[in-house]
Amino acid sequence: MCPVIEISDNVFNRLKRLAEPLVDTPDSVIGRLIDRFEHASTMPQTDNVTHVDALNGSIVDVHGNLSSIQVSRQVLSFDPARLPDVTHTTLVSGVVGTKSVGDWNQLSLEVHAAVIEKVGSVDALRRVSAANIKAGAHFERGFKTRQGLSFSLQGVEANKACAVSFRLAQEFQIPLTAEFRWQNKEKAAFPGRVGRIEWNPGK
């Protein structure tokens with residue numbers, strides 16, 4: 001008789017994303033993950049950055065092997081064209097050009113500040129951004145600005161701030177890096193892990 005194991009709904013849903021419809025069973029998916037992990041564990045590690053496919057949630061190590069287990073020191077690196085779910089994250093380090101920022105909405109504000117230098121006016125900034133923007137300094141209803149800016153930007157949740165920031169960065173060739181940590185919550189995409197998204201027009 002085969003042993004019976006219990007897994008959470010979250011883990012089961014992640015297994016389904018890795019399964020081939022009408023072919024795989026939970027047992028075959030788990031077996032394939034173990035095979036790939038065992039294969040990867042026999043190879044020397046040359047980097048501490050793990051690249052992640054954010055569309056299907058799978059983790060690919062530096063050798064290109066799909067792995068369900070990674071050591072905690074590794075940083076998950078994401079393609080800015082395929083952003084992860086950053087709900088339940090805290091921005092650890094953000095850099096827009098050469099300017100450091102401390103949270104997702106400040107990151108978005110500085111990206112917009114870089115864009116307005118290229119487009120020339122608040123009206124033009126509104127046309128290229130999906131964000132809620134007002135001319136002048138405003139601090140009600142979540143609006144923020146800083147000294148030297150001619151506009152204010154309304155704060156939004158992390159996913160929206162991240163998405164508009166990286167879209168504008170790519171469109172207007174603005175170097176942008178965000179390193180962040182997911183909280184240890186079941187609904188977080190990668191609980192307790194550190195992620196990194198980088199866009200560098202020179203690369």
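The values are calculated or read from the model by the stated rules, or taken from the named source; none is laboratory data. Computed from a predicted model, the values in this text were never measured in an experiment. Methodologically, a virtual Cβ is constructed for each residue, glycine included, from the backbone with ideal geometry; neighbour enumeration extends over all protein chains shown.
Limited to the range 96-114, what total is found for residues that are surrounded by fewer than 19 Cβ atoms within 10 Å (Cβ to Cβ) and out of contact with any Gly (no Cβ under 9 Å at 6 or more places or on another chain)?
Of the residues in that region, 3 qualify.
Scan the range 139-187 residue by residue and report those that are out of contact with any Ser or Thr (no Cβ under 7 Å at 6 or more places or on another chain) and among the hydrophobic types (A, V, I, L, M, F, W, C).
Passing the criteria: 139, 149, 156, 162, 163, 166, 169, 172, 174, 178.
Taking residue 123 as meeting all but one of (1) more than 25 Å from the chain's Cα centre (by Cα); (2) at pLDDT below 90, write down the number of the exception.
(2)
Does any residue of the range 127-134 turn out to be in the same structural domain as residue 97 (by TED's automatic domain parsing), part of a loop (DSSP other than H, G, I, E, B) and closer than 15 Å to residue 83 by Cβ?
Yes, the range 127-134 contains a residue that is in the same structural domain as residue 97 (by TED's automatic domain parsing), part of a loop (DSSP other than H, G, I, E, B) and closer than 15 Å to residue 83 by Cβ.
Which of the numbered conditions does residue 81 fail, given that it passes all the others? Conditions: (1) at pLDDT below 95; (2) assigned to a helix (DSSP H, G or I); (3) among the small types (Gly, Ala, Ser).
With (1) at pLDDT below 95; (2) assigned to a helix (DSSP H, G or I); (3) among the small types (Gly, Ala, Ser) applied to residue 81, the lone miss is (2).
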